[in-house]
Amino acid sequence: MKPSDPPASADNTPPIVEVPDYRPVERFWPYVDLPEQPTDEELAQLDPALAEALFGTPRRPFSVSLEFSPFDGPDFERALAMARAAAELREFGSGPRRRYRARFYPQDALQLRNLFDIVGRFDATDVLIDDRPVPYARELWLPLLWFLIR
């Protein structure tokens with residue numbers, strides 16, 4: 001095609017678009033009625049690391065958490081009862097990957113030690129300081145908390 005040739009279509013009309021006979025319903029999405037903001041229960045269930053990334057560091061007092069897996073033996077029910085008496089207990093995972101996280105504050109050092117005496121013998125037990133794994137948490141932080149026991 002040369003520049004001197006006339007264009008194939010001189011008019012600039014848009015193409016014909018077929019109009020459907022019906023209009024689809026806008027409520028096709030099954031989750032339309034969900035609120036846009038999460039509820040307080042949903043926010044409480046968030047992983048602490050995710051909540052910190054989304055909302056910043058919350059103002060919480062110093063805490064020590066024990067995270068442990070279920071184990072066989074008569075002490076498990078006692079450990080679970082002690083964990084339920086903690087300031088906060090979270091259960092996550094299912095089946096063999098189920099874990100329990102019990103949060104204790106410094107004034108609950110005796111309850112923390114009693115639970116640690118049961119679950120501390122397992123390698124799968126983690127000690128978290130303000131919801132974070134910290135080096136020497138078992139060897140340094142827990143004995144420092146034992147000084148608070150009167």
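Rule-based calculations on the coordinates, nothing more; no lab input. Just so it is clear, the structure is predicted and the values come from calculations on it, not from any experiment. Methodologically, a virtual Cβ is constructed for each residue, glycine included, from the backbone with ideal geometry; neighbour enumeration extends over all protein chains shown.
What do you get when you divide the Cα radius of gyration of region 103-150 by 2.2 N^0.38 Å, with N the number of residues?
Dividing the Cα radius of gyration by 2.2 N^0.38 Å gives 1.06.
Loop only per DSSP, at most 14 neighbouring Cβ atoms within 10 Å: give me the trypsin sites (Lys or Arg not before Pro) in region 66-112, ordered by residue number.
Those satisfying the criteria are R98.
Using the number of other C-beta atoms within 10 angstrom as an exposure proxy, rank I16, I118, I149, I129 with the fewest first.
In increasing order of surrounding Cβ atoms, one gets I16, I149, I129, I118.
Quick one: if you stick a label point 7 Å off each Cα along the C-beta vector at E18 and F55, how many nm between them?
Distance between label points: 5.2 nm.
Can you pull the percent of Cα pairs in region 61-146 with separation above 22 Å?
16
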